[in-house]
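Read the figures in this text as sums done on the coordinates, not as results from a lab. Worth saying up front: this structure is predicted, and the values here are computed from it rather than measured. Quick reminder, even Gly has a Cβ in these numbers, built from the backbone with ideal geometry, and neighbours come from all protein chains shown.
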There are 2 protein chains.
Amino acid sequence: MKISTRFSDSIHILAFINIYHGKVPLTSNNIASSIGTSPVVVRRLMSQLRKAGLLNTVHGAAEPSLAKDPTAISLYDVFLAVEDDSHLFTIDHKTNPECIVGGNIQETLTEAYHQAEVAAEAKLARTSLQDIIDTILVKQAQKEAKQRKED
Amino acid sequence: MKISTRFSDSIHILAFINIYHGKVPLTSNNIASSIGTSPVVVRRLMSQLRKAGLLNTVHGAAEPSLAKDPTAISLYDVFLAVEDDSHLFTIDHKTNPECIVGGNIQETLTEAYHQAEVAAEAKLARTSLQDIIDTILVKQAQKEAKQRKED
DNA sequence: AAATTTGTAACTTAATAAATTACAATAGAC
DNA sequence: GTCTATTGTAATTTATTAAGTTACAAATTT
């Protein structure tokens, strides 16, 4: 089972809200256009982000806002919000319990995979939404500077 | 995209060959019974493991053998053999390039995800097939000891 | 030669993520 | 207060992809 685009799209939503706040109406429709998906998909993700305490939304009004400072939201917080107990690696659960390997490999790999997952999660935990926003804005500024030179 | 059971099943195959070598015929059929899949799936994975230099096989004969010492095969080697360029996280490639966020988030997340992936891969690289085999055998011994006590 | 097994391609099935449809509930404009 | 725009969410459909199956040539062993 692989990690879906829900994670990427959720980071996108939060960054969009922060960057375009006060500049364009923060409707699920506008956000969906930026992601390239449907408004329902966006609202569904925003609902999960709200339940995780990362986002404030108003039923009926296009006024979402971050529930915390972007420096206080890590990518791992977002991951947990929309992927909760999904795993980076997949255990095969239909192995034969009568076999020495089949009967013990599930537990064994669960432990090994857990270590690798924790390492990845720790990296995500050390990257904040603010880091992502900063990088997006730097890349955009670079693009614009390059564009001006070419004109 | 999530990591499929191919990775788990491949570790299973290698551990099985090491543990049952000389004890049962190492046919794709027997290995498949332990994993709970079909012989073709096993042969397909063994083919990839062979191409990656981890396994020796003989066309027509049930005599597969590890191409390296189990201490010299890491889980990351196995991962690369059967999942090659698959990623733990998925970038959404249909974001709108006209948007500041949509136009820069793909690159930005590629970098962030890469760091997390490398952390996980490093952990996998530090775990050897021998570690997995040892753990399987210890767990099996514990089971058998417990079973004897109950009798 | 016969029986067994591997290697691989082509195809089908199953699982699951994503998208869509539909509609009730809320908010804001007038 | 009514109209319009919007959110929130359930139910369904579609698309994608991993897994499983079928088929058969090539190699091995007896």
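A few notes on this one:
- Extension gain, residue B:144 to residue B:122: 0.36 nm times the residue separation minus the Cα-Cα distance gives 4.5 nm.
- Rounded to 10°, Cα long-axis angle of helix A:129-150 versus longest principal axis of chain A: 50 degrees
- Seen through its C-alpha gyration tensor, with square-root eigenvalues sorted a ≥ b ≥ c, the range A:44-92 comes out oblate because a/c lies at 1.5 or above while a/b is not bigger than b/c.
- Peptide B:121-128 shows a mean partner chain C-beta count of 4 within 10 Å per residue C-beta.
- Per-q log10 I(q)/I(0), the protein assembly as shown, q = 0.07 Å⁻¹ (Debye; single scatterer per alpha-carbon; no solvent): -0.37
- Within the straight-line cut-off of under 27 Å between alpha carbons, the lysines reachable from residue A:149 are A:23, A:139, sequence neighbours fewer than 8 places apart in one chain being disregarded.
- Label separation (residue A:4 vs residue B:58): 4.8 nm, computed from points 7 Å beyond Cα along the C-beta direction.
- Among A:92, A:131, A:77, the largest mean-square fluctuation in a Gaussian network model of chain A (Cα springs under 10 Å) belongs to A:92.
- Both numbers refer to the Cα atoms of chain A; Rg and Dmax are 19.6, 71 Å.
- Cα pair distances of the range B:101-151 binned at 5 Å [whole percent]: 5, 16, 11, 10, 11, 9, 9, 8, 7, 6, 4, 3, 1, 0
- Springs join every pair of Cα atoms under 10 Å in this Gaussian network model of chain A, and among A:127, A:37, A:57 the largest mean-square fluctuation is at A:37.
- Here the Karplus curve 6.51 cos²θ - 1.76 cosθ + 1.60, taken at θ = phi - 60°, turns the phi angles of the range A:118-125 into couplings of 4, 4, 5, 4, 4, 5, 4, 5 Hz, with x standing for Gly and Pro.
- Counting Cα-Cα pairs of the range B:3-80 in 10 Å increments starting at 0 gives whole-percent bin shares of 19, 61, 20, 0.
- Residue B:69-residue A:86 FRET efficiency (beta carbon distance; Förster radius 30 Å; 0.05 resolution): 0.30
- In the range B:73-137, Rg over Rh equals 1.19, where Rg is the alpha-carbon radius of gyration and Rh the Kirkwood radius from pairwise Cα distances.
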